[in-house]
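Student: Have a look at the structure that comes next, please.
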Amino acid sequence: MDETESSALVVERACTMIVDWELANAPNATVSTDQILSSSNLGDGSSTSVPHHGIRWQHPLSGRYKCNIDAVSTSLNRTGIGICIRESDGSFVLARTEVHPCLLQIDVGEALGLHLALQWLSDMQFDHVDFETDSRLTADAFHSDRNDTSDFGCIINSYRSLFSSLFSNSRVEFVRRQANEVAHALARDATLLASHAVYYDIPNCIESLIINEML
């Protein structure tokens, strides 16, 4: 293995995860465009400031579905995954939670969440879906042709292949945490459950969020 390339990849992942964390945990902060595009760039004072406190979930276009995904790890050594599907008017379609009785790395948990969503929706023959994750690392890896043999890379390669073979008019996109609150609440709730669950009616943990985001 090329040691230089491997080291660069580790640094790139670490920097991207730091930016993701800062975006998710500082809703009233101002983040420079340069920081978003390159986490290693400290800026020269000429970057444009982008306030993101007003960011919220956006309705998909008419005739499309939106599927939000998130993963949450807790101090109890449990990792929860939350998936929520909604129609173009914002109305609830289905939701699913999954729990792993172990503490997964952030990037691995997010990648597993997207893989689970792709598999689940393909089994139900959904298409015209906008898949959204608040992990920039996961979304960027999905659109990259980089060869990564880590656990994270193997998951990415698997769901990239699944996506290309089973979805003809769908896409995977990055959104900030503020636009992914429903999936985050589901993932957090999943860490308290004994096993996976599928919801055909709106679960209590996201009911108010769904109603607010339909407005």
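Student: Filter region 115-139 down to the residues that are within 11 Å of the chain's Cα centre (by Cα) and either surrounded by fewer than 15 Cβ atoms within 10 Å (Cβ to Cβ) or more than 21 Å from H59 (Cβ to Cβ) (or both) and list them by number.
Tutor: Selection gives H115, S135, R136, L137, T138.
Student: Moving to a separate point now. Among the residues of region 73-101, what is the count of those that are under 22 Å from Q125 (Cβ atoms) and of a type in the set (V, I, T)?
Tutor: 5
Student: Turning to a different aspect of this structure: Please enumerate the residues belonging to region 177-201 that are assigned to a loop (DSSP other than H, G, I, E, B) and surrounded by fewer than 18 Cβ atoms within 10 Å (Cβ to Cβ). Show your work before the answer.
Tutor: First pass over region 177-201, keeping only residues assigned to a loop (DSSP other than H, G, I, E, B): 180, 191-196, 200-201.
Within region 177-201, L192, L193, A194, S195, H196, Y200, D201 qualify.
Student: Select from region 67-92 the residues that are hydrophobic (A, V, I, L, M, F, W, C) and loosely packed, with under 15 Cβ neighbours inside 10 Å and list them in ascending order.
Tutor: Hit for region 67-92 is L76, nothing else.
Student: Could you tell me whether N147 is over 23 Å from L76 (Cα atoms), modelled with pLDDT under 95 and assigned to a loop (DSSP other than H, G, I, E, B)?
Tutor: Numbers: over 23 Å from L76 (Cα atoms): yes; modelled with pLDDT under 95: yes; assigned to a loop (DSSP other than H, G, I, E, B): yes.
Against the criterion (over 23 Å from L76 (Cα atoms), modelled with pLDDT under 95 and assigned to a loop (DSSP other than H, G, I, E, B)), N147 qualifies.
Student: So which residues in region 54-80 are touching a Phe, Trp or Tyr at 6+ places or on another chain (Cβ under 8 Å) and among the aliphatic types (A, V, I, L, M), if there are any at all?
Tutor: Residue satisfying the conditions is I69 alone.
Student: Would you mention how many residues in region 164-176 are within 17 Å of the chain's Cα centre (by Cα) and either part of a loop (DSSP other than H, G, I, E, B) or closer than 19 Å to R96 by Cα (or both)?
Tutor: Of the residues in region 164-176, 4 are within 17 Å of the chain's Cα centre (by Cα) and either part of a loop (DSSP other than H, G, I, E, B) or closer than 19 Å to R96 by Cα (or both).
Student: Within region 73-109, how many residues are free of Cβ contacts under 8 Å to residues at least 60 places away in the same chain and of a type in the set (D, E, K, R)?
Tutor: Going through region 73-109 one residue at a time, the tally reaches 1.
Student: Next up: What single numbered condition from (1) modelled with pLDDT of 95 or more; (2) within 18 Å of the chain's Cα centre (by Cα) fails to hold for L61?
Tutor: (2)
For (1) part of a helix (DSSP H, G or I); (2) in the same structural domain as A190 (by TED's automatic domain parsing); (3) hydroxyl-bearing (S, T, Y), each residue gets a yes or a no:
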{"residue": "P60", "(1), (2), (3)": "no, no, no"}
{"residue": "V72", "(1), (2), (3)": "no, yes, no"}
{"residue": "R96", "(1), (2), (3)": "no, yes, no"}
{"residue": "G109", "(1), (2), (3)": "yes, yes, no"}
{"residue": "L118", "(1), (2), (3)": "yes, yes, no"}
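Student: In region 93-111, which residues are under 23 Å from F152 (Cβ atoms), buried (at least 23 other Cβ atoms within 10 Å of the Cβ) and among the hydrophobic types (A, V, I, L, M, F, W, C)?
Tutor: Within region 93-111, A111 is the sole residue that qualifies.
The values are calculated or read from the model by the stated rules, or taken from the named source; none is laboratory data. Values in this document were obtained by computation on a predicted structure and should not be read as measured data. Glycine gets a Cβ as well: all are built from the backbone with ideal geometry, and neighbour counts include every protein chain shown.
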